Amino acid sequence: MKILVADDSPTNLILISAALKNLGHDVTSVNSGEEALNYYIKEKPDLIILDVVMENMDGFECAKKIRENETTEWIPIIFLSASVDDESIAKGIDAGGDDYLTKPFSKITLAAKIKAMQRISDMRNKLYEATCKLSLLSTTDTLTGLYNRLQFNNTLPEKIAYAKRHNTSFALLFLDLDNFKFVNDHFGHHVGDLLLKEIAKRLKTSLREYDFIARLGGDEFAVIINDIQSTDTAGDVAQNILDTIAHQYTLENHTFTIGCSIGIACFPIAGLDHETLVCNADAAMYHAKESGRNNYQYFTDELLVKQNVQEQLRSSLQHALERNELFLIYAPIFDLKSKKIIGMEALLRWKHEKFGEILPEQFAPLADELGINATITNWAIRELCKQGAKWVEQGYKIKLSFGVSYRHLLRKDFSKLMREIFEETHFPANLFELEIQSKETVI
């Protein structure tokens with residue numbers, strides 16, 4: 001160990017230094033508390049032995065100043081004293097000391113106390129290292145090595161506070177990979193994980209060292225571009241990211257390309273607080289997906305209006321059935337040869353009290369989000385069969401068709417439900433047709 005000894009008695013200094021050297025330690029001896037403090041600041045020894053009684057700066061005062069200058073390192077301090085009573089022990093502990101050695105000392109006691117301090121120091125260092133690792137794990141995404149959502153949630157408010165304080169701007173980018181589910185489904189989750197790692201590497205090369213990147217989960221990433229001069233800067237960075245990610249990937253003998261959709265929210269234009277910026281960046285990202293994917297979009301006032309409308313629709317749709325706002329219209333199906341109507345296609349509509357008639361293309365995605373898509377589909381099929389039964393009674397035996405998502409057919413209760421509806425409505429099953437839609441979100 002590298003040990004610092006401070007004692008204003010030359011005789012004591014020689015004796016203890018010689019004893020420590022005989023034990024195999026690297027010893028530096030000084031004559032005052034001031035010298036001990038200066039040496040500690042410059043050299044950071046492994047252990048410090050301070051004589052309690054020294055002129056100008058005694059051992060207690062020196063220990064206090066050493067503890068005041070500590071950052072992350074902890075260095076054990078042993079006080080050297082001719083006599084030790086309860087008051088001295090308490091004063092020494094308060095000053096930052098860890099143990100006492102009485103004069104005259106025995107070499108065995110000296111060696112034992114140093115070994116004890118060494119063990120404590122080693123345990124403390126291991127604990128500190130473990131704490132650092134845990135801290136790193138708590139803020140880092142284990143798959144990609146990027147920051148995680150927790151660190152993002154801690155960092156964004158700091159960026160906002162800094163920008164407000166220094167009157168600067170920054171951009172928040174939300175990035176979502178296009179068709180990442182396809183990669184997982186067709187090549188396996190292992191390839192998906194490899195892809196995410198490669199995406200993380202490419203993101204790092206697309207940004208400056210002091211910009212912030214986090215993986216929020218799944219295939220979603222957040223980027224904070226610091227100190228932008230204009231909103232165009234964020235667009236340039238987003239385009240660079242798009243170009244970099246679009247390059248071909250070869251993973252586990254599979255070669256493919258993938259794009260991403262990026263939403264941009266610039267501070268202070270797109271929001272002044274954490275929640276608003278996140279919400280607006282997310283809205284811009286979904287707008288990018290709706291705009292054809294593999295592009296970037298800024299959050300704008302127009303998008304805010306659209307977002308508000310979507311929120312109103314989302315809220316209203318939950319009660320649309322009980323308010324009798326959903327209804328079916330029927331489009332005739334003609335046989336061109338006979339020029340006769342051979343069937344009717346049922347089309348779902350929503351009559352909103354504020355926005356008028358709304359098509360499924362607009363409200364089906366919202367129904368998916370709310371988890372009521374199946375409920376609406378089942379209601380529509382039952383209504384169709386009721387109407388079909390009335391027409392049969394009137395002598396019109398024509399086929400009725402209705403389009404449903406392929407996912408609806410995968411429901412375990414679907415066939416049972418259809419039998420119940422046919423029995424309940426008395427509509428002949430042979431006159432009913434389902435059109436299977438391949439899209440993810442269709443009613």
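The values are calculated or read from the model by the stated rules, or taken from the named source; none is laboratory data. All figures in this text were calculated on a predicted structure; none of them were measured in a lab. Cβ: placed from backbone, ideal geometry, glycine included. Neighbour counts: every protein chain shown. The accessibility values were calculated without ligands, DNA or RNA, using every heavy atom of the protein model including side chains. Shrake-Rupley method; radii C 1.70, N 1.55, O 1.52, S 1.80 Å.
Inspect the stretch 381-403 for any residue being over 22 Å from residue 432 (Cα atoms) and not acidic (Asp, Glu) and give the result as yes or no.
Taking every residue of the stretch 381-403 in turn, none turns out to be over 22 Å from residue 432 (Cα atoms) and not acidic (Asp, Glu).
Counting only residues that are aliphatic (A, V, I, L, M) and farther than 20 Å from residue 206 by Cα, which one in the stretch 157-180 is nearest to the chain's Cα centre (by Cα)?
Across the stretch 157-180, the extreme among qualifying residues is 160.
Cβ-Cβ under 6 Å, sequence separation 6+ or interchain: first residue in the stretch 278-301 and in contact (Cβ under 8 Å) with a residue 40 or more places away in the chain and under 22 Å from residue 244 (Cα atoms), partner open to solvent by 40 Å² or more (accessible area, probe 1.4 Å) and of a type outside the set (Phe, Trp, Tyr). Which pairs?
284/297
Exactly one condition in (1) in contact with a strand residue (DSSP E or B) (Cβ under 8 Å, 6 or more places away or on another chain); (2) over 20 Å from residue 9 (Cβ atoms); (3) open to solvent by 40 Å² or more (accessible area, probe 1.4 Å); (4) not in a helix (DSSP H, G or I) is false for residue 24; which is it?
(1)
Taking the stretch 29-45 as the search range and keeping residues that are in a loop (DSSP other than H, G, I, E, B) and buried (at least 18 other Cβ atoms within 10 Å of the Cβ), which one is nearest to the chain's Cα centre (by Cα)?
Per the criteria, the residue is 45.
Only one residue in 275, 252 is touching a residue at least 60 places away in the same chain (Cβ under 8 Å) and surrounded by fewer than 19 Cβ atoms within 10 Å (Cβ to Cβ). Which one?
Checking each option against the conditions leaves just 252.
Considering only the stretch 255-271, state which residues are open to solvent by 30 Å² or more (accessible area, probe 1.4 Å) and more than 15 Å from residue 177 (Cα to Cα).
Answer for the stretch 255-271, where residues must be open to solvent by 30 Å² or more (accessible area, probe 1.4 Å) and more than 15 Å from residue 177 (Cα to Cα): 255, 268, 269.
Filtering the stretch 56-81 down to residues that are outside any helix (DSSP H, G or I) and without any contact (Cβ under 8 Å) to a residue 24 or more places away in the chain, which residue is surrounded by the fewest Cβ atoms within 10 Å (Cβ to Cβ)?
Only one residue tops the list, namely 71.
With a cut-off of at least 2 residues that are of a type in the set (A, V, I, L, M) and under 18 Å from the mean Cα position of the chain (by Cα), name the strands (runs of 3 or more DSSP E) lying wholly within the stretch 250-310.
Of the strands (runs of 3 or more DSSP E) lying wholly inside the stretch 250-310, those with at least 2 residues that are of a type in the set (A, V, I, L, M) and under 18 Å from the mean Cα position of the chain (by Cα) span 260-267.
Out of 208, 124, I need the residue that is over 18 Å from residue 263 (Cα atoms), over 19 Å from the mean Cα position of the chain (by Cα) and assigned to a loop (DSSP other than H, G, I, E, B). Which one?
Of 208, 124, the one residue that is over 18 Å from residue 263 (Cα atoms), over 19 Å from the mean Cα position of the chain (by Cα) and assigned to a loop (DSSP other than H, G, I, E, B) is 208.
Which residue is nearest to the chain's Cα centre (by Cα), if the candidates are limited to the stretch 211-221 and must be of a type outside the set (D, E, K, R) and within 22 Å of residue 189 (Cα to Cα)?
216
So residue 107 ticks every box in (1) within 43 Å of the chain's Cα centre (by Cα); (2) among the charged types (D, E, K, R); (3) modelled with pLDDT under 90 but one. Which box is left unticked?
So residue 107 meets the others, but not (1).
Taking the condition in contact with a Phe, Trp or Tyr (Cβ under 9 Å, 6 or more places away or on another chain), at pLDDT 90 or above and open to solvent by 80 Å² or more (accessible area, probe 1.4 Å), does residue 162 pass?
Answer is yes for this residue.
In the set 420, 424, which member is part of a helix (DSSP H, G or I), without any contact (Cβ under 8 Å) to a residue 12 or more places away in the chain and either of a type outside the set (Gly, Ala, Ser) or open to solvent by 60 Å² or more (accessible area, probe 1.4 Å) (or both)?
420
Tell me the residue from 384, 359 that is aliphatic (A, V, I, L, M) and surrounded by fewer than 15 Cβ atoms within 10 Å (Cβ to Cβ), please.
359
For residues that are surrounded by 13 or more Cβ atoms within 10 Å (Cβ to Cβ) and either under 15 Å from the mean Cα position of the chain (by Cα) or within 15 Å of residue 278 (Cα to Cα) (or both), tally how many sit in the stretch 127-144.
5
Residues to consider are 156, 172; find the one that is open to solvent by less than 30 Å² (accessible area, probe 1.4 Å) and in a helix (DSSP H, G or I).
Result of the check over 156, 172: 156.
Among 48, 114, which is in a helix (DSSP H, G or I) and among the β-branched types (Val, Ile, Thr)?
Answer to the check: 114.
Looking at the stretch 127-135, is at least one residue of a type in the set (Val, Ile, Thr) and modelled with pLDDT under 85?
For the stretch 127-135, residues of a type in the set (Val, Ile, Thr) and modelled with pLDDT under 85: present.
Would you be able to tell me the number of residues in the stretch 82-111 that are assigned to a helix (DSSP H, G or I), touching a strand residue (DSSP E or B) at 6+ places or on another chain (Cβ under 7 Å), of a type in the set (A, V, I, L, M, F, W, C) and closer than 25 Å to residue 43 by Cα?
Of the residues in that region, 1 qualify.
Given the residues 227, 232, 193, which is the only one that is assigned to a helix (DSSP H, G or I), more than 18 Å from residue 141 (Cα to Cα) and open to solvent by 50 Å² or more (accessible area, probe 1.4 Å)?
Among 227, 232, 193, only 232 is assigned to a helix (DSSP H, G or I), more than 18 Å from residue 141 (Cα to Cα) and open to solvent by 50 Å² or more (accessible area, probe 1.4 Å).
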